[in-house]
Amino acid sequence: MLTGAKDGTMKYWETASSYVLQEYAPFQGSVLSVAVNKVYNIVAAGCDDQTARIYNTGDATQKATLTGHNHKVYGVNFTRDGKTLLTTSMDHSLRTCLLYTSPSPRDS
C-alpha cells in the first residue's frame, strides 16, 4: 500500500505487517494523491505544488517531476499497461504523460 500525507511524506507499506518498505524524500508541500505501477516498479505522487513526481520503488530515487498544471494535482493514475501516467488538477485539466514506449517487462 502507498500513502501520502499533508506533512509531505509518502510511504510504501507491507500491509500484512504494517512495516514501511520504502519512504520517499519529503515534499515541500502536501502529497494529495498516489499511485503504484507494479509493471515498471515505480510510484507517482500528485502534489499541491502543481507537480506530479515519479519514483523508483526499489531505491526511492526520483525519476521525474512533471509540470504543466496551474493548480494542485489531486489525481494520479497509471494506465493498465503501465506506460502512461494520467494526472488531474483543480485547474480542471487532465494531462497524460507517456512514460514508456518499449514493451513492458511482462511482455518479455
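The values are calculated or read from the model by the stated rules, or taken from the named source; none is laboratory data. Note that this is a predicted model, so its numbers are computed, not measured. Note that we place each Cβ from the backbone using ideal geometry, even for glycine, and neighbour counts take in every protein chain shown. With ligands, DNA and RNA removed, areas are computed over all heavy atoms of the protein, side chains included. Shrake-Rupley method; radii C 1.70, N 1.55, O 1.52, S 1.80 Å.
Scanning the stretch 31-50 for residues that are touching a strand residue (DSSP E or B) at 6+ places or on another chain (Cβ under 7 Å) and either open to solvent by 50 Å² or more (accessible area, probe 1.4 Å) or assigned to a loop (DSSP other than H, G, I, E, B) (or both) yields LEU32, VAL36, ASN41, ASP48, GLN50.
Conditions (1) in contact (Cβ under 8 Å) with a residue 40 or more places away in the chain; (2) within 16 Å of ASN37 (Cβ to Cβ); (3) β-branched (Val, Ile, Thr), marked per residue:
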site: THR61; (1), (2), (3): no, yes, yes
site: THR67; (1), (2), (3): no, no, yes
site: ASN70; (1), (2), (3): no, no, no
site: ASN77; (1), (2), (3): yes, yes, no
site: THR87; (1), (2), (3): yes, yes, yes
site: THR96; (1), (2), (3): no, yes, yes
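Set side by side, the residues THR101, THR65, THR87 differ, and just one is modelled with pLDDT under 95 and not in a loop (DSSP other than H, G, I, E, B), which is THR65. From the list VAL43, VAL31, the lone residue that is in contact (Cβ under 8 Å) with a residue 40 or more places away in the chain and of a type in the set (A, V, I, L, M, F, W, C) is VAL43.
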